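Right, one structure below, let's go through it.
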Amino acid sequence: MILTAKHPILPKKPDFDSGLHEILIRAEPQQIFQAIEQLQVPDVPIMRSLFAIRSIPSMIVGKGSFFAKEEGATILQGMEKQGFRIIRKTKKELVFGIMGKPWKASNPEIYIPEDVSEYELDPPKGMLKAMGDFQIGERVGERYKLLHTTQVFTPDKKVKRKFTPYWFLIFPGAYLLRWAWLRAIKQKAEALATSIS
């Protein structure tokens, strides 16, 4: 399933869509997902800078940085610590999500359901749901396409109105982050492929 505005992760059309980003990688799908799972924040330098800015309100009230410095921690582990959950994982797709109030930077009120199936439903009242996806696309010669997108679902007009300024504020940085993340995945996956060839 390719995540686009016409084919969202859920039957419901997303209220905000980052667009579909893709990159060609000279590696097998297994190596690509291995790279996604192994990447650490230092592998994507812009990630720490952007999240440091994002964490300023939280740090002011004493809640620390979005990505605390933990030796050996992967990006996915850091995301999970902040409330993201892996919703679906197959040989060709990795879907993750989070529910909360991200526009409240100092206290985003993250909601973590006990059952990941709740991500298929509307978020709790007053919150939104953000979903991200990495998916293996078509093979092009000796390379595979890796597709990535982020989509946000709001349960009502009030939440959408609160989130809209935040979305436009973070969009430029998030756009750069997605491309940097994809390039880092490509670099690591191709290194893994070369090491076993």
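None of the figures in this text is laboratory data; all of them are computed from the coordinates on show. Please read all numbers here as calculations on a predicted model, not as lab measurements. Cβ placement follows ideal geometry from the backbone for every residue including glycine, while neighbour counts extend to all protein chains displayed.
Computed values, structure above
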{"quantity": "Length released on extending from Tyr111 to Lys92, taking residue separation times 0.36 nm less the Cα-Cα span", "calculated": "4.1 nm"}
{"quantity": "Proximal lysines to Lys158, defined as alpha-carbon separation beneath 17 angstrom and excluding residues fewer than eight positions away on the same chain", "calculated": "Lys101, Lys104, Lys125, Lys129"}
{"quantity": "Anisotropy class of region 73-142 from Cα gyration tensor, a/c 1.5 cut", "calculated": "prolate"}
{"quantity": "Estimated FRET transfer efficiency when R0 is 22 angstrom, pair Ala180-Arg143 (beta carbons, to 0.05)", "calculated": "0.65"}
{"quantity": "Positive minus negative residues near Thr150 (Lys, Arg vs Asp, Glu; Cβ under 11 Å)", "calculated": "-1"}
{"quantity": "Label-to-label distance, nm, for residues given as Glu120 and Lys158 (7 Å Cα→Cβ offset)", "calculated": "2.8"}
{"quantity": "Potential lengthening between Tyr166 and His21 on full extension [0.36 nm per residue; Cα-Cα distance subtracted]", "calculated": "50.1 nm"}
